[in-house]
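The values are calculated or read from the model by the stated rules, or taken from the named source; none is laboratory data. From a predicted model like this one, the values you see are computed outputs, not experimental measurements. When we count neighbours, we look across all protein chains shown, and the Cβ atoms used for this are built from the backbone with ideal geometry, even at glycine.
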Amino acid sequence: MSEVNTRAPATGAASEKGLKAGALHIGDVVIMALASSGPTQSIAVGIVGLMVAVTYHTFLPILICFIPMIGIAIGYQRLNAWQPSAGATYSWVGRALNPHAGFFAGWIMLMYYTIGTTSLTVPLGTYFLSFFSNAAANSKYDVALVGSVFNILVLIIAALGIKLSARFNWGWAIFEYLLMIGFAVAAIVMIYFTGLSGSLHTLGSLFTLPKTGLITGLLIAIFLFSGWDTAAYVSEEARGKQAGRAAILSVVILFFIYSFVIFAFQGIAPFGTMQGNEANILAFVGDKIGGGFWKNVMIVAVLGGTLASLQAAIVSSGRISFAMGRDRVFPKFFDNVHPRWRTPWNATILLGLLNIVFLWGATLFSSIGTALDNIVSTLGLMAAIFYLLTAFAAVWYYRKAITKSAGNLILGGILPGLGAAFMAFVIVYSLVTKQLTFTNIVFGFGLAILGLILSFVSKGVGHARFYSDPSSSFGDKVDATLDSTEPPSEGFGL
């Protein structure tokens, strides 16, 4: 890899024709990262599975996962200080390691944020229709129709400006997080004063090891945390270097939300009862604590959290594909920015509509639905792959600088390195212990290999400068305060 170009990136071009620089403050970025992770929706999906894995020992896997995840977030922060880019991992891995590895990372992220939205769109229709008719909620065509309407709604919001997207997420965040924390406090009070079944198990399991299932619990914890990296994809639209700080802050906030809320909710009913209400666990929690009205309020919170997650996924995928189009590894079509709204117009609309295509494909054709189910089940593995690549790229890029001081060694080497090692362990463990079925592996890794093939096709057909000079990737200004050494003279080579 050639020496980094320390000239200012195309900042002027970005401000005139590119994404809207300085549109987001740190609170906006944090809220968008939290929305992408979707704490309310993730708790609704993951709490019972976590309890099945480790019974009442849910705090420990969340705590263990938090440590490497904060290391990865620090890696994101340092890489963002080097090169703020809407492509994030795609750009960083491409420049620090190898262009084909960068394309591969970008492709994996697009699969995560595009195909993964199918698992969000279906619940949107189900939750909404359940207020009016159980029959409609069980009709796959009605669910797909309502899901499509919601998808178009958040697509419009995403296309009409990043500031509008942030305001949309702020509205839901204030409502759902206050609600969840309030219910968690109420659950703790009930456990303490009424001696609910499960309370002694809850209070006695805070720092104790489960007898079995810890690794499975860690896999679920990764799923709970994943999504905070959206902070990096809006870095070109954030003020200063706040996107990197927002990534770290998002992981910290997610840790406190997950550990406190799940710890509180798991003790309000016997384990068997919680497991029996897995399909609508937060509605059950709301009814158990506050009655029927609060049950419906909790359903609205899950609905809103899912809607915010879908919107954040469209924002993320639009910016990743925009960055790849800007570097010409994707067709120039993806490089279009709306002159007024300053959003990646073509990329956002195309990928948002693609979500609807996947939804109806899964609804109308069972074979497509089965394929998407198998792909969705590998999303956690896909997240582990691009987290691993990012953390490793951070360590590799700053490998000479991390020996300059103890602080650099810890923040730039040990913590991101621990995050990379943890994700590598998760990937290997999932394969060795057959956590994924053969079909999961074929679909998940098949798509991954397709991305690598497309990278070589892109190089041969498009002749993008990115492949011969990765430093040509947009946003190549180096922060001298962090980068106290020259970058690697070359990547790993493919």
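Assorted remarks:
- Near pairs, Cβ below 6 angstrom, 6+ apart or cross-chain, from the range 401-426 (closer than 20 Å to Gly380 by Cβ) to any residue that is surrounded by 15 or more Cβ atoms within 10 Å (Cβ to Cβ) and at pLDDT below 90: Met423/Ala384; Val426/Ala384
- Here Gln275 meets each of (1) part of a helix (DSSP H, G or I); (2) among the polar types (S, T, N, Q); (3) within 22 Å of the chain's Cα centre (by Cα) with one exception, condition (3).
- Within the range 343-362, being farther than 18 Å from Leu110 by Cα and surrounded by fewer than 21 Cβ atoms within 10 Å (Cβ to Cβ) holds for Trp360, Gly361.
- Gly305 vs. criteria in contact with a Leu (Cβ under 8 Å, 6 or more places away or on another chain) and either modelled with pLDDT of 85 or more or within 23 Å of Ala44 (Cβ to Cβ) (or both): no
- Listed here are the helices (runs of 4 or more DSSP H) enclosed by the range 329-434 that have at least 1 residues being at pLDDT 90 or above: 345-364, 379-397, 415-432.
- With respect to (1) farther than 30 Å from Asn277 by Cβ; (2) surrounded by fewer than 24 Cβ atoms within 10 Å (Cβ to Cβ); (3) basic (Lys, Arg), the lone exception for Lys140 is condition (1).
- Subset of the range 183-225 [at pLDDT 80 or above, small (Gly, Ala, Ser) and more than 13 Å from Thr40 (Cα to Cα)]: Ala186, Ala187, Gly217, Ala221
- The condition of being at pLDDT 90 or above and either over 26 Å from Asn277 (Cβ atoms) or in a helix (DSSP H, G or I) (or both) holds for only one of Gly12, Gly49, Gly94, Gly18, that being Gly94.
- Taking the criterion of being more than 12 Å from Ser37 (Cβ to Cβ) and in contact with a Phe, Trp or Tyr (Cβ under 8 Å, 6 or more places away or on another chain), the only residue of the range 249-260 that qualifies is Ser259.
- Check on Ile26, touching a residue at least 12 places away in the same chain (Cβ under 8 Å), within 14 Å of Ile257 (Cβ to Cβ) and of a type in the set (A, V, I, L, M): no
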